[in-house]
Amino acid sequence: MRFGAPHRHYRRTESTNDRARELAAAGAPHGTVVTADEQTAGRGRQGRTWTAPPGKALLYSALLRPLEERHAALPLAVPLAVCAAAEELHPGIECKVKWPNDVWREERKLAGVLIEARPQDGWAVIGIGLNLSIATEEFPPELRETATSLFDPSASPFDPGRRGRGGGRRSLPAVAPPTPAPTALTASKVLSRHLDHWAEADQTTVLGSWRNRDALRGREISWDGGSGVADGVDDRGFLLVLTPGGDRVALGAGEVHLRL
Ligand code: BTN
């Protein structure tokens with residue numbers, strides 16, 4: 001079960017998930033991956049849009065088929081693959097998962113996952129947007145406080161804008177050059193390798209690893225229907241919440257927010 005071949009790359013397309021769904025409907029094999037430098041109609045969860053400056057994010061969709069019972073934990077497994085890939089691409093960082101399947105680095109969203117499954121046709125498209133080298137000021141204003149990237153080009157000590165007075169070579173700090181951001185092609189290969197593992201991992205392993213990376217556990221959260229303290233996920237992947245009234249509720253879908 002290998003992801004990454006065949007691999008179709010677009011310079012610009014509406015949505016890699018749309019292209020992958022078309023390929024799935026046309027009978028493309030398991031493992032087919034679609035990537036793009038730029039999406040003009042990238043889609044996120046809950047009907048939201050997903051945008052990224054051209055060439056600065058991994059925009060990736062992979063076809064899993066046949067989709068079977070044993071893939072029930074896929075929504076939890078995919079963000080684990082993204083965490084592992086991100087930590088390999090930028091050694092030293094630590095990623096967490098924010099229910100249901102966002103990937104966080106230092107409390108900010110690094111990557112999002114949109115899985116579109118057609119169980120009746122036996123396939124699922126796994127869509128992943130992973131921010132690679134987007135500077136803070138390149139995010140839309142409403143995301144600047146909450147989004148992050150694997151590498152921040154504006155944080156480089158070699159950025160001319162950050163040089164000391166005089167701006168010349170002498171003012172550069174004597175440190176090794178920063179690790180360059182990976183290309184989308186490199187990132188897609190690393191991600192495919194981790195997806196190979198996590199898409200086939202058994203549910204117990206997935207749940208154990210997910211619980212170790214849970215960003216919300218023990219924290220005050222709110223959602224459309226109420227608020228409480230996040231208390232992990234159950235074996236179905238539902239988010240458990242202890243409410244102020246002492247109830248323990250399980251959320252199966254939707255969005256939750258940290259109460260700051
Ligand atoms: C989210 O809302 O967090 C999920 C975002 C998923 C975005 C990715 S980018 C590649 C793929 N193509 C899409 O149109 N969406 C997914």
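The values are calculated or read from the model by the stated rules, or taken from the named source; none is laboratory data. These figures come from a predicted structure and were not determined experimentally. As a convention, Cβ positions derive from the backbone with ideal geometry for all residues, glycine included, and neighbour counts pool all protein chains shown. Quick note on the areas: whole protein, heavy atoms, side chains included, nothing else; ligands and nucleic acids left out. Shrake-Rupley method; radii C 1.70, N 1.55, O 1.52, S 1.80 Å.
The table for this structure:
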{"quantity": "Within segment 13-53, tally of residues that are within 13 Å of the ligand (Cβ to nearest atom) and open to solvent by 60 Å² or more (accessible area, probe 1.4 Å)", "calculated": "10"}
{"quantity": "Filtered residues of segment 150-201 (kept if out of contact with any Pro (no Cβ under 9 Å at 6 or more places or on another chain), part of a loop (DSSP other than H, G, I, E, B) and modelled with pLDDT of 50 or more)", "calculated": "D152, A174, A176, P180, P182, T183, A201"}
{"quantity": "Considering residues of segment 54-72 that are open to solvent by 10 Å² or more (accessible area, probe 1.4 Å) and small (G, A, S) only, the residue farthest from the ligand (Cβ to nearest atom)", "calculated": "A72"}
{"quantity": "First in segment 35-61 and more than 22 Å from E255 (Cβ to Cβ) and in a loop (DSSP other than H, G, I, E, B), second anywhere and among the basic types (K, R) and open to solvent by 30 Å² or more (accessible area, probe 1.4 Å), Cβ under 9 Å, 6 or more apart", "calculated": "T40/R12; P54/R11; P54/R12"}
{"quantity": "Selected residue (only one of P91, P75 is within 12 Å of the ligand (Cβ to nearest atom) and either farther than 23 Å from T204 by Cα or in a helix (DSSP H, G or I) (or both))", "calculated": "P75"}
{"quantity": "Residue, farthest from the chain's Cα centre (by Cα), within segment 193-218, restricted to residues that are exposed (fewer than 15 other Cβ atoms within 10 Å of the Cβ) and farther than 28 Å from H30 by Cβ", "calculated": "G218"}
{"quantity": "Output for segment 222-260, where each listed residue is acidic (D, E), open to solvent by 50 Å² or more (accessible area, probe 1.4 Å) and more than 17 Å from Q46 (Cα to Cα)", "calculated": "D235, D247"}
{"quantity": "Single residue of segment 111-133 satisfying the filter (free of Cβ contacts under 8 Å to residues at least 60 places away in the same chain and small (G, A, S)) that is surrounded by the most Cβ atoms within 10 Å (Cβ to Cβ)", "calculated": "A111"}
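One line per residue, one yes/no per condition, for (1) out of contact with any Asp or Glu (no Cβ under 8 Å at 6 or more places or on another chain); (2) more than 9 Å from the ligand (Cβ to nearest atom); (3) open to solvent by less than 20 Å² (accessible area, probe 1.4 Å):
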site: D102; (1), (2), (3): yes, no, yes
site: K109; (1), (2), (3): no, no, no
site: A135; (1), (2), (3): no, yes, yes
site: E142; (1), (2), (3): yes, yes, no
